């Protein structure tokens with residue numbers, strides 16, 4: 001819950017803060033991708049080291065890094081100095097989110113995963129609902145430095161909370177480097193599994209949209225006249241959608257299936273954000289933001305569920321970290337391309353074009369998944385006949 005609060009508070013605040021320091025659209029793009037670059041490099045190694053030393057240790061380290069990057073943000077006075085605390089912010093979240101997902105899959109039996117993980121992430125979502133509005137209000141009234149002070153205080157609380165967590169796994173023994181090399185060697189093998197490959201590309205596409213939402217959309221709203229407080233309430237509307245839909249994940253997954261629901265969620269996100277710059281009236285912005293939250297809400301839960309179903313316990317941490325690596329790669333791709341397009345045109349057209357590309361990519365994945373399902377249906381009777389013979 002604390003980490004959700006901090007993540008959602010900082011994501012809309014950081015691009016607004018960078019803009020105040022004088023960042024152009026291209027610089028906003030480069031600044032926004034720094035945490036994602038760190039996640040690409042660090043997700044898989046971080047999860048493997050977490051297996052070696054325990055996820056509890058990673059949760060505590062997350063809080064310590066949060067305090068460090070909050071201090072870094074508070075002393076920044078020009079754009080060039082913003083990259084380092086952004087990198088620490090990225091490392092903090094790199095260590096936390098894959099470890100959290102793996103920790104949950106160890107606690108929850110397979111038949112209950114989608115439901116219970118959905119409930120648990122909904123609790124995280126209650127923090128996300130508060131973060132953007134609180135951050136925007138503090139930025140408007142007390143200034144951005146006060147937001148960073150709150151970040152440091154909350155990160156300190158997270159360390160205290162983490163000390164109460166049980167350690168589920170024991171050290172595997174041997175050097176951490178050996179565990180790292182062993183885990184990295186299995187990444188390619190995981191990607192060859194059809195559903196893991198489809199899920200990885202889906203989350204890549206999802207994160208292109210999410211990167212636009214976190215880094216460029218708040219700036220677009222600010223430039224067309226919305227205050228930082230209102231931008232925060234719009235983001236809160238999105239996180240409300242995230243939280244509410246996660247309370248129904250078990251039922252939705254049973255009705256639609258994990259993969260179709262994943263594709264639908266990403267498609268809704270891209271459609272709603274692509275339409276918002278064309279009609280930025282407050283009513284539609286709030287409605288589209290809520291529906292984007294519904295799409296964002298289902299995707300991580302379903303990705304975790306699909307990965308857990310297609311990996312064994314030894315591979316799971318690597319598979320979940322691979323999910324974050326693909327997600328971070330999407331943020332990097334989106335940040336660089338959208339920033340360059342926005343610099344040449346404007347933020348509005350760049351957001352529309354980027355979301356059209358995401359919709360096209362999801363359409364291709366739907367075709368790939370449908371072909372895979374058809375092949376399974378064709379081969380299933382053959383396997384049954386062979387077994388009977």
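Students often get this wrong: which residues of the stretch 58-72 have the backbone nitrogen under 18 Å from the point 7 angstrom along Cα-to-C-beta of residue 163?
58-68
When the chain is treated as a GNM, springs tying every alpha-carbon pair under 10 Å, which of 308, 281, 87 comes out with the largest mean-square fluctuation?
The residue that fluctuates most here is 281.
Full extension from residue 141 to residue 71: what is 0.36 nm times the residue separation minus their Cα-Cα distance, to one decimal in nm? It would help to have the intermediate numbers written out before the result.
Working: separation 70, 0.36 × 70 = 25.20 nm, distance 2.01 nm.
Difference between extended and current length: 23.2 nm.
Which of the peptides 106-112, 256-262 is most tightly packed, and how do the rest follow, going by the mean number of other Cβ atoms within 10 Å of each residue?
256-262, 106-112
Binned at 20 Å from 0, what are the whole-percent values of the Cα-Cα distance distribution for the chain, short to long?
That works out to 29, 59, 11, 1, in percent per bin.
Report the paramagnetic label zone for residue 80: residues of the stretch 8-29 whose backbone N is under 17 Å from a point 7 Å from Cα along the Cα-to-Cβ axis.
Backbone N within reach: 21-24, 27-28.
So for each of 69-77, 229-237 I average, over its residues, the number of other beta carbons within 10 Å; can you give me the resulting order with the highest mean first?
Top to bottom by mean Cβ count within 10 Å: 229-237, 69-77.
If you line up the long axis of helix 194-211 against the longest principal axis of the chain, both from Cα atoms, how many degrees apart are they, to the nearest 10?
Compared with the principal axis, the helix lies near 10 degrees.
How much length, in nm to one decimal, is gained on full extension between residue 20 and residue 87, taken as 0.36 nm per residue of separation minus their Cα-Cα distance?
Values: separation 67, 0.36 × 67 = 24.12 nm, distance 1.96 nm.
In short, 22.2 nm is gained.
How much length would be gained if the chain were fully extended between residue 336 and residue 255, taking 0.36 nm per residue of separation minus their Cα-Cα distance, in nm to one decimal?
Taking residue 336 through residue 255 to full extension adds about 25.4 nm, to one decimal.
Using the alpha-carbon atoms, what tilt in degrees (0 to 90, nearest 10) does helix 176-185 show relative to the longest principal axis of the chain?
Approximately 70 degrees, to the nearest 10.
Expressed as an acute angle from 0 to 90° and rounded to the nearest 10, what is the orientation of the C-alpha long axis of helix 55-75 relative to the principal long axis of the chain?
With both axes taken from Cα atoms, the answer is about 20 degrees.
Rank by packing, highest mean first: peptides 299-306, 133-140, with packing defined as the count of other Cβ atoms within 10 Å averaged across residues.
299-306, 133-140
Here, each number is a calculation from the coordinates, and none is a lab measurement. These figures come from a predicted structure and were not determined experimentally. Reconstructed Cβ throughout: ideal geometry from the backbone, glycine too, with neighbour counts over all protein chains shown.
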